[in-house]
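K.L.:
The structure is given below, and queries will be raised subsequently.
The values are calculated or read from the model by the stated rules, or taken from the named source; none is laboratory data. The structure presented is a predicted model; accordingly, all values stated were derived computationally and were not measured. Glycine gets a Cβ as well: all are built from the backbone with ideal geometry, and neighbour counts include every protein chain shown.
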Amino acid sequence: MSDLYKMLVRPFFFKMEAETAHEIVCEILAYVESFPFLKKAIETLLHSPKDEKIVFGLTFPNALGLAAGFDKNGLFPGVSKALGFGHIEIGTVTPKPQLGNIKPRLFRVIEENSIINRMGFNNHGAEAMGRRLEKYYPKQGRISPLGINIGKAKSTPLEETLGDYLQCIDFLNKSADYFTINISSPNTPGLRELHKQEFLDPLLKGIDERLEKIAKMTFQEKIPYLLKISPDEDFSSIEKILEIAVGRNVGGIVATNTTTDRPNHIRLSEEGGLSGKALEDKSLEIIKFINQLTNDKIPIVGVGGISDGNSAAKKLDSGACLLQIYSGLVFEGPLLPKKILNELYRRKVWLT
């Protein structure tokens, strides 16, 4: 089936402009989302092995998740779960709808199984996302946790950033199993400034306090929140970020977002964040560093360049406890989650 995707389906979509192809795929998956029997049929057909994990207080049926950016508006989390994902992260979402940057803004680097994007947080807004999730993927009875990746609007000054994150939390706390605080996209001007202590500490303080308040008001467990960091920060900067994150009760680190660096062999000169196979080594370095620095005490979600069981295992061996993929789906197809999970399961059985 994987070969069939590469021989027939991928060539068809790769003839299209990258964002057009992505939009068509999202429309198809959103259509399937509204039919429970179709989702059940997909899940029954694929049937990936379970390997339960408990991380930052949540139970995950397996370690593999869908990375933010693929389903920006929460259109098909149920379909993603049916494909085998043990968690689904949607977004990045901003408080109000946002068009994003000027097109074209999504590019394939086919020879490297990688993608360059400068999307700019295009999304329908937090309120619309919340209504859709309550209808199609309600929190009650959910098996695969749902993470919601939140960010600031392009027009919001850095000094007023906290308000954007809090609005998203207020709109979406009824739907989120966890939040991911995106401070690391290179495509929103000034966003990566939030890695600096003078911005990061008050931001995380305000978010932590709001989540504590919501927990007390609803008589429920506090919703965990993660921090998604840039791969372009040096180790001394990451050390300071981790110190702040631990002090502000961050539940985990998502490592990493896309990079603005370009390996010498990447010939495509488009601006934006590079993801996929070309990011793998850089992501691994940062995961290893975080794990060594924190002595395995803060959960790491490994993202960047996972395309098979071997690359997934490298992330886990480097210290990640959960994984996420995006670019791999584009190049390998919808059966990739099942393939990765089967390979990880066989590896675990062999090691034991």
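K.L.:
Between Val55, Val32, which is surrounded by 14 or more Cβ atoms within 10 Å (Cβ to Cβ), more than 15 Å from the chain's Cα centre (by Cα) and farther than 20 Å from Lys228 by Cα?
P.N.:
Val32
Table: residues versus (1) within 22 Å of Phe56 (Cα to Cα); (2) modelled with pLDDT of 95 or more; (3) buried (at least 16 other Cβ atoms within 10 Å of the Cβ).
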residue: Leu172; (1), (2), (3): yes, yes, yes
residue: Glu212; (1), (2), (3): yes, yes, no
residue: Pro224; (1), (2), (3): yes, yes, yes
residue: Asp232; (1), (2), (3): no, yes, yes
residue: Ile266; (1), (2), (3): no, no, yes
residue: Glu270; (1), (2), (3): no, yes, no
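K.L.:
Here are the criteria: (1) in a helix (DSSP H, G or I); (2) on the phi > 0 side of the Ramachandran plot; (3) not small (Gly, Ala, Ser). Tell me which single one Phe289 does not satisfy.
P.N.:
Of the numbered conditions (1) in a helix (DSSP H, G or I); (2) on the phi > 0 side of the Ramachandran plot; (3) not small (Gly, Ala, Ser), the odd one out for Phe289 is (2).
K.L.:
Would you mind finding the one in Thr59, Thr44 that is part of a strand (DSSP E or B) and hydroxyl-bearing (Ser, Thr, Tyr)?
P.N.:
Thr59
K.L.:
Only one of (1) at pLDDT below 95; (2) within 24 Å of Tyr178 (Cα to Cα) is not met by Leu4, so which one is it?
P.N.:
Single failed check for Leu4: (2).
K.L.:
Quick test for you: out of Pro49, Pro97, Pro11, pick the one residue that is more than 19 Å from Leu344 (Cβ to Cβ) and touching a residue at least 24 places away in the same chain (Cβ under 8 Å).
P.N.:
Pro97
K.L.:
Let me ask something else. Could you say which residue among Phe70, Phe85, Phe107, Phe121 is of a type in the set (Phe, Trp, Tyr) and outside any loop (DSSP other than H, G, I, E, B)?
P.N.:
None of the other options fit; the residue is Phe107.
K.L.:
Answer yes or no: is there a residue in the stretch 252-270 that is more than 19 Å from Val55 (Cα to Cα), out of contact with any Ser or Thr (no Cβ under 8 Å at 6 or more places or on another chain) and part of a helix (DSSP H, G or I).
P.N.:
no
K.L.:
Now a separate question. Quick check, is Gly74 buried (at least 24 other Cβ atoms within 10 Å of the Cβ) and either on the phi > 0 side of the Ramachandran plot or modelled with pLDDT under 95 (or both)?
P.N.:
yes
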